[in-house]
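Have a look at the structure below before the remarks.
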Amino acid sequence: MDHALVESALAGLSAANSRELERECEQFALRYLAQQVEPQFDLDSADFDRDPLLICADRYWNQRFQAEPTLRTAVLCAGWMSEHIADEVYEPIRQKWALGFAFITRDTVESADEIADATADVVGADDSTCNKAYFAALYHAGKLRANFFFAELEQFLAASPLAIAAGPHRNSVLFTALRAFAAFGSRTTAHQHACELLDQVWDSPQRSFAAVDVVLNGLASGVDFDGRGALLRDRAAEAVAAYPGRDILHFRLATGRWLCGEHDAAMSDIDEAIRLLPAKGWRVSHELLQSQYLARRDAIEAARVIDRQARADRTRVEHTEQEVGRLAGEVRGTVLRAVELVTIFAAVVAFAVGSLNVSLNGNLSRADRIWIVATQGLGLLLFAFLILGGSWFIADRLTRRSR
């Protein structure tokens with residue numbers, strides 16, 4: 001293969017539209033694969049959307065990983081990166097490739113023996129060895145993360161010879177983010193420790209998009225604790241502001257708001273994530289992410305329906321309680337009026353009967369009869385007032401208690 005000619009042809013694609021650019025770059029990548037040679041051009045850009053050389057290299061290594069999703073391929077890829085990627089764009093490409101290739105090959109997690117064999121291939125003391133071990137460790141850790149194997153990831157990062165062989169890279173912000181991811185999903189580690197690791201990532205001068213996404217992913221999918229939803233919502237909102245146009249961050253923000261019960265806002269964010277999800281690139285990644293986004297959208301919509309129904313039920317219950325209270329008040333008023341009427345009627349009848357008996361009693365003088373009738377009338381009037389007052393007091397107490 002004439003590498004100079006390929007590089008020149010790729011450079012000429014810089015003005016092509018996105019579809020043509022992807023199609024042509026993929027064809028060159030397939031030619032490299034068919035002839036079993038690696039690209040010989042160098043990369044000085046991290047623009048995965050418009051740089052033809054980077055797109056071609058991305059397609060090439062993507063095909064290599066899908067054909068052989070092993071740590072051996074990761075070691076070979078790390079070696080190629082060290083030789084062909086400029087220092088200023090090395091880290092973002094390394095992080096994107098390690099976690100991206102891990103995501104699309106997550107169903108091929110390697111055994112402890114396979115990890116040991118890969119470690120034996122890279123163990124050494126020079127910086128190149130550390131770089132290879134670090135990339136391979138990120139790739140394997142990315143698979144564990146993509147499968148939500150929290151305990152296995154925690155153990156791998158802490159004690160695996162491959163992770164230890166990464167040397168000083170173990171202190172990188174992405175390594176810390178992966179530790180935070182494992183801690184958030186741990187059933188034995190206190191969530192405060194995970195939050196401390198999150199803060200380390202957030203406050204690091206080397207904080208990257210990949211590290212932010214990993215730590216938010218752990219917070220969103222880990223073990224629940226008080227304040228988790230609010231913490232995810234607030235951190236994701238900061239991330240959206242810091243890295244605009246990233247579909248995955250809108251997805252994280254939608255998840256946080258969903259956990260907080262802010263369903264309308266969550267729906268707006270998940271729709272934005274779906275809108276921003278690029279239709280170009282590797283279809284396997286697009287389809288996997290799209291299925292996740294649509295599943296979360298369905299969950300948010302279901303929560304919205306339940307929430308609307310709950311609000312409607314509460315309104316209906318409150319209306320029913322008000323109506324019952326009004327009817328109870330009317331019943332108490334009706335009973336009170338009936339008691340008043342019966343009391344007055346009984347008093348009048350008793351007074352009439354008593355007065356008649358006194359009036360017909362010829363043994364009493366007129367003055368005595370008048371005194372007896374007046375006394376009897378006052379007694380019956382006092383009795384009526386006591387009955388009415390007691391009724392009003394009881395009705396008032398019942399009214400206050402029902403409010």
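The values are calculated or read from the model by the stated rules, or taken from the named source; none is laboratory data. All values reported here derive from a predicted model rather than from experimental measurement. Cβ placement follows ideal geometry from the backbone for every residue including glycine, while neighbour counts extend to all protein chains displayed. Note: accessible area is taken over every heavy atom of the protein model, side chains too, but ligands, DNA and RNA are not part of it. Shrake-Rupley method; radii C 1.70, N 1.55, O 1.52, S 1.80 Å.
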The listed residue being surrounded by fewer than 17 Cβ atoms within 10 Å (Cβ to Cβ), touching a helix residue (DSSP H, G or I) at 6+ places or on another chain (Cβ under 6 Å) and either farther than 30 Å from Thr105 by Cα or at pLDDT 65 or above (or both), out of Ala302, Ala350: Ala350
Answer yes or no as to whether Phe135 is in contact (Cβ under 8 Å) with a residue 60 or more places away in the chain and over 26 Å from Met81 (Cβ atoms). no
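Looking at Tyr134, Tyr60, Tyr139, can you tell me which residue is among the aromatic types (Phe, Trp, Tyr) and in contact with a Pro (Cβ under 7 Å, 6 or more places away or on another chain)?
Criteria check complete, one pass: Tyr60.
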Quickly run through region 222-267 and pick out the residues that are of a type outside the set (Ser, Thr, Tyr), in a loop (DSSP other than H, G, I, E, B) and either touching a His at 6+ places or on another chain (Cβ under 6 Å) or open to solvent by 30 Å² or more (accessible area, probe 1.4 Å) (or both). Val223, Asp224, Phe225, Asp226, Gly227, Pro244, Gly245, Arg246, Cys260, Gly261, Glu262
Taking region 141-167, which residues are farther than 21 Å from Ala120 by Cβ, under 21 Å from the mean Cα position of the chain (by Cα) and either surrounded by 21 or more Cβ atoms within 10 Å (Cβ to Cβ) or of a type in the set (S, T, N, Q) (or both)? Gly142, Arg145, Asn147, Phe150
When region 203-221 is checked residue by residue, the ones that are surrounded by fewer than 20 Cβ atoms within 10 Å (Cβ to Cβ) and either in a helix (DSSP H, G or I) or without any contact (Cβ under 8 Å) to a residue 12 or more places away in the chain (or both) are Asp203, Pro205, Phe209, Ser221
Checked region 32-67 for anything open to solvent by less than 20 Å² (accessible area, probe 1.4 Å) and either among the β-branched types (Val, Ile, Thr) or not in a helix (DSSP H, G or I) (or both); matches are Pro39, Phe41, Leu43, Ile55
Log entry, pairs with first residue in region 32-59 being more than 18 Å from Ala4 (Cβ to Cβ) and of a type in the set (Phe, Trp, Tyr), second being open to solvent by less than 50 Å² (accessible area, probe 1.4 Å) and assigned to a helix (DSSP H, G or I), beta carbons closer than 8 Å, six or more apart or on different chains, reads Phe48/Leu54; Phe48/Ile55; Phe48/Asp58
Looking only at region 278-290, decide whether some residue is at pLDDT below 70, over 30 Å from Phe103 (Cβ atoms), touching a Ser or Thr at 6+ places or on another chain (Cβ under 9 Å) and surrounded by 13 or more Cβ atoms within 10 Å (Cβ to Cβ). no
Arg72 vs. criteria open to solvent by 50 Å² or more (accessible area, probe 1.4 Å) and over 28 Å from Leu162 (Cα atoms): no
For residues that are without any contact (Cβ under 8 Å) to a residue 60 or more places away in the chain and surrounded by fewer than 22 Cβ atoms within 10 Å (Cβ to Cβ), scanning just region 19-28, find the one that is nearest to Trp80 (Cα to Cα). Glu26
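Only residues that are open to solvent by 10 Å² or more (accessible area, probe 1.4 Å) and of a type outside the set (Gly, Ala, Ser): list them for region 168-181, please.
First, the residues of region 168-181 that are open to solvent by 10 Å² or more (accessible area, probe 1.4 Å): 168-173, 176, 179.
Within region 168-181, Pro168, His169, Arg170, Asn171, Val173, Thr176, Arg179 meet the criteria.
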